[in-house]
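Peer 1: Please read through the structure below; I'll follow up with questions.
The values are calculated or read from the model by the stated rules, or taken from the named source; none is laboratory data. Source: prediction; values computed, not measured. As a convention, Cβ positions derive from the backbone with ideal geometry for all residues, glycine included, and neighbour counts pool all protein chains shown. All accessible areas refer to the heavy atoms of the entire protein, side chains included, with ligands and DNA or RNA removed. Shrake-Rupley method; radii C 1.70, N 1.55, O 1.52, S 1.80 Å.
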Amino acid sequence: EAGVVQSPRYKIIEKKQPVAFWCNPISGHNTLYWYLQNLGQGPELLIRYENEEAVDDSQLPKDRFSAERLKGVDSTLKIQPAELGDSAVYLCASSFPRGHGETQYFGPGTRLLVL
Amino acid sequence: AQSVAQPEDQVNVAEGNPLTVKCTYSVSGNPYLFWYVQYPNRGLQFLLKYITGDNLVKGSYGFEAEFNKSQTSFHLKKPSALVSDSALYFCAVRPLIGDYKLSFGAGTTVTVRA
């Protein structure tokens with residue numbers, strides 16, 4: 001069974017440029033998460049989707065971050081414009097819905113460097 | 001709000017010796033606890049979880065964890081560490097009922113020397 005797929009794995013951009021990350025969850029996982037992981041810290045949730053609905057986006061900085069999951073499968077996280085402080089690893093995870101085993105499985109992450 | 005504390009930034013052990021990575025948590029109600037491991041330039045890999053039942057949970061790669069409700073702890077253990085166990089370990093918690101958000105500790109770097 002394929003795991004969570006993310007691309008690109010690495011991205012280097014200049015500040016004020018836009019950037020987008022893509023995630024394909026494990027087949028059958030209706031719940032999808034985007035996390036931010038700063039160096040030396042644990043992941044922090046940015047947004048959670050149940051199918052195509054964003055059910056928790058309270059931690060997403062909406063002035064510059066946006067996300068979508070149009071067909072309830074793949075998801076894209078966008079930053080526009082990027083700032084130096086956005087340099088971090090962006091992790092995508094997926095799980096079955098609540099009540100059906102909610103272990104979150106993580107992708108390899110996208111490492112973003114903003115210059 | 002829930003939180004996790006991993007009191008040791010680093011743990012160093014010799015290969016073949018027992019390995020323990022400590023975790024304490026704070027959550028409203030009963031906890032749903034997890035351990036993940038992260039290798040360099042990789043995502044988090046699920047090791048094990050505790051929901052209810054037996055306080056000793058067995059997971060992948062010979063790891064186990066002991067849930068202690070009175071001490072609000074969920075320490076990760078391995079009887080005999082391998083060099084390949086060297087990695088970054090994260091403990092995470094969320095309430096069994098209610099808030100869906102998973103809160104992670106800051107991580108513990110384990111180094112197993114040959």
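Peer 1: Looking at residue B:1 and the list (1) part of a loop (DSSP other than H, G, I, E, B); (2) in contact with a helix residue (DSSP H, G or I) (Cβ under 6 Å, 6 or more places away or on another chain), which single condition is not satisfied?
Peer 2: Tallying (1) part of a loop (DSSP other than H, G, I, E, B); (2) in contact with a helix residue (DSSP H, G or I) (Cβ under 6 Å, 6 or more places away or on another chain), residue B:1 fails exactly one: (2).
Peer 1: Here's another thing I want to ask about it. Which of the strands (runs of 3 or more DSSP E) contained wholly in region A:1-81 include at least 2 residues that are without any contact (Cβ under 8 Å) to a residue 24 or more places away in the chain and under 28 Å from residue B:108 (Cα atoms)? Quick ask: steps written out before the conclusion?
Peer 2: Numbers: elements: A:5-7, A:10-13, A:19-24, A:31-37, A:44-50, A:53-56, A:65-68, A:75-79.
Output list reads A:44-50.
Peer 1: Further, regarding this structure: Only one of A:93, A:67 is surrounded by 15 or more Cβ atoms within 10 Å (Cβ to Cβ) and within 11 Å of another protein chain (Cβ to nearest Cβ). Can you tell me which?
Peer 2: Numbers: A:67 fails: within 11 Å of another protein chain (Cβ to nearest Cβ).
Result: A:93 is the single residue among A:93, A:67 that is surrounded by 15 or more Cβ atoms within 10 Å (Cβ to Cβ) and within 11 Å of another protein chain (Cβ to nearest Cβ).
Peer 1: Which condition number does residue B:109 fail, the rest of (1) more than 10 Å from every other protein chain (Cβ to nearest Cβ); (2) over 10 Å from the mean Cα position of the chain (by Cα); (3) of a type outside the set (A, V, I, L, M) being met?
Peer 2: The number of the failed condition is (1).
Peer 1: Identify, please: which residue in region B:16-45 is touching a residue at least 12 places away in the same chain (Cβ under 8 Å) and small (Gly, Ala, Ser) and is, among those, most open to solvent (accessible area, probe 1.4 Å)?
Peer 2: In this case the residue turns out to be B:28.
Peer 1: Which ones in region B:46-70 are out of contact with any Pro (no Cβ under 8 Å at 6 or more places or on another chain), of a type outside the set (Val, Ile, Thr), more than 11 Å from every other protein chain (Cβ to nearest Cβ) and without any contact (Cβ under 8 Å) to a residue 24 or more places away in the chain?
Peer 2: The answer is B:53, B:54, B:55, B:56, B:58, B:60, B:64, B:66, B:68, B:69, B:70.
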